[in-house]
Each structure stands twice: as C-alpha cells, then as structure tokens.
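Student: One structure coming up, written as structure tokens, with questions to follow.
The values are calculated or read from the model by the stated rules, or taken from the named source; none is laboratory data. Please read all numbers here as calculations on a predicted model, not as lab measurements. FYI the Cβ positions are ideal-geometry reconstructions off the backbone, even for glycines, and counts take in every protein chain you see.
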C-alpha cells in the first residue's frame with residue numbers, strides 16, 4: 001500500500017455528541033474499518049476526530065459515525081482532508097479531566113436507566129393490554145366451544161342425512177345398472193338395424209344400376225324408332241312419287257291410244 005493511497009480526515013461532529021457515549025461508538029467503528037487516529041471532546045460540546053486510513057475505509061467511517069440511535073444525535077459533520085502522517089498505530093479516545101469523564105459516565109448511565117424504566121413502563125402497559133385481550137379471547141373461546149357443540153349436533157344430523165343419501169345412491173346405482181342393460185340391448189338392436197340398412201343400400205345400388213341400364217336401352221330404342229320413322233317416311237314419299245309418275249305415263253299412253261281424251265284428267 002503506497003502513501004498516496006492513504007489519507008487523513010479531520011472531522012468535527014455537531015449535535016448531541018457529548019455525555020451520550022458517542023466517543024466509544026466512534027472508537028468501535030474505527031476499529032471495524034481499520035482506521036487509526038483519535039477522538040476527543042471539544043470545549044464547544046462538539047467532538048473532533050482525526051482518522052487515517054484508505055480513502056474507501058474513511059468514506060465508510062464517515063457514513064457510519066452519523067447513523068446512531070438515541071441518545072446520540074449527530075446533526076452534521078464537517079470533514080477536512082489533510083496530508084497523511086502515519087503517526088497513529090491505533091485508534092484511541094483522548095479523555096478529559098477525571099471529574100468530567102466521570103460526569104459523562106453518570107449522564108450516560110442515567111440516560112440508559114431512564115430508557116430502561118420507560119421501556120419497562122411500556123412493557124407493563126402492553127402486558128395489561130395483553131391480559132385484557134386474553135380475557136376477551138377466553139370469552140370468545142367459551143362462545144366458540146358452545147358453537148362447536150352446536151356444530152357437533154348438526155354434524156350428527158348431517159351424518160344421518162348422508163346415510164340416507166348413500167341408500168338412495170345405492171338404489172340409483174341399481175337403476176343405472178338396469179338402464180345400462182337396456183342400453184346394451186338397444187345397441188344390439190341398432191347394430192341389427194344398421195346391418196339391414198346396409199343390405200337395403202346394397203339392393204338400392206343394384207336397382208339404380210338396373211335403372212341406368214334400362215334408361216340406356218330406352219334411349220337406344222327411341223333413337224332406333226326415330227331412325228326407322230325417318231327411313232319409312234323417305235321411302236314412302238319416294239314410292240308415292242314413283243306411283244304418280246307411272247300413273248302419268250299410263251294416262252299419256254291411254255290418251256295416245258284414244259282411250260282417254262286429252263282434256264280428261
């Protein structure tokens with residue numbers, strides 16, 4: 001560790017910091033943070049602290065000395081950075097006159113005794129409250145016991161009702177078994193019906209094929225009939241035309257033979 005990494009802080013603490021055990025707390029915090037130096041009461045009722053060590057430890061030290069429970073109350077601190085001297089091997093408390101130190105000890109002791117007495121009064125008051133609350137709890141427990149007796153009676157009634165329900169459920173289970181048997185019979189009947197329906201569908205498919213074949217035959221027959229009609233009509237007209245031609249030739253011959261007159265038709 002180099003000297004350049006070490007520093008010295010001169011700290012002045014203001015507030016209620018004398019005759020309340022503040023110096024002892026500062027000494028404890030200094031030792032916990034590897035700080036050397038001293039702490040001393042000032043005539044102005046403030047406290048001065050000379051602290052040497054690493055900068056990070058000094059910063060933690062200055063934060064810690066401001067966090068105290070009553071009777072200590074640090075209102076503020078003033079920190080001056082000074083060159084590191086390295087003349088302090090440990091952290092000490094510089095005491096004042098014996099009478100002054102004794103008076104500070106008495107003041108500190110009286111404060112703690114007063115705090116203890118106050119806390120005991122608070123504890124006695126809380127104990128009285130607790131006794132009152134316990135009396136209330138006992139009364140409520142008596143009420144709860146009465147309620148529990150009522151609940152036990154009602155539970156007996158409920159158990160009887162539950163027994164009746166169990167008997168009813170047994171009857172229902174028997175009925176359900178009968179229904180399941182009937183349903184099985186219905187399923188078997190439905191299977192038979194489905195088989196019959198499959199057969200009917202097969203027959204219907206066959207009928208449809210036969211109908212298709214019949215329709216095809218009818219269509220062919222109609223086509224043939226239409227063809228025959230057309231052929232007959234053409235042939236009949238042709239024969240009529242030929243007969244008419246033959247009649248005209250025969251008439252002409254009869255006219256020439258003088259059998260018929262040319263004016264006769």
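Student: Being under 46 Å from the mean Cα position of the chain (by Cα), assigned to a helix (DSSP H, G or I) and surrounded by 10 or more Cβ atoms within 10 Å (Cβ to Cβ) narrows it down to one residue among 151, 193; which is it?
Tutor: On the way: 193 fails: under 46 Å from the mean Cα position of the chain (by Cα).
Only one candidate qualifies: 151.
Student: Limited to the range 39-71, what total is found for residues that are under 56 Å from the mean Cα position of the chain (by Cα) and surrounded by fewer than 20 Cβ atoms within 10 Å (Cβ to Cβ)?
Tutor: Qualifying residue count, the range 39-71: 15.
Student: Looking only at the range 28-37, which residues are surrounded by 19 or more Cβ atoms within 10 Å (Cβ to Cβ) and under 16 Å from residue 17 (Cα atoms)?
Tutor: 29
Student: Would you confirm, using the coordinates I've provided, whether residue 125 is touching a helix residue (DSSP H, G or I) at 6+ places or on another chain (Cβ under 8 Å) and either over 28 Å from residue 57 (Cβ atoms) or loosely packed, with under 12 Cβ neighbours inside 10 Å (or both)? Quick ask: steps written out before the conclusion?
Tutor: Values: touching a helix residue (DSSP H, G or I) at 6+ places or on another chain (Cβ under 8 Å): no; either over 28 Å from residue 57 (Cβ atoms) or loosely packed, with under 12 Cβ neighbours inside 10 Å (or both): yes.
No: the conditions fail for residue 125.
Student: If you don't mind, another one. How about the range 24-76: which of its residues are on the phi < 0 side of the Ramachandran plot, at pLDDT 95 or above, in a loop (DSSP other than H, G, I, E, B) and touching a helix residue (DSSP H, G or I) at 6+ places or on another chain (Cβ under 6 Å)?
Tutor: Answer for the range 24-76, where residues must be on the phi < 0 side of the Ramachandran plot, at pLDDT 95 or above, in a loop (DSSP other than H, G, I, E, B) and touching a helix residue (DSSP H, G or I) at 6+ places or on another chain (Cβ under 6 Å): 33, 35, 65.
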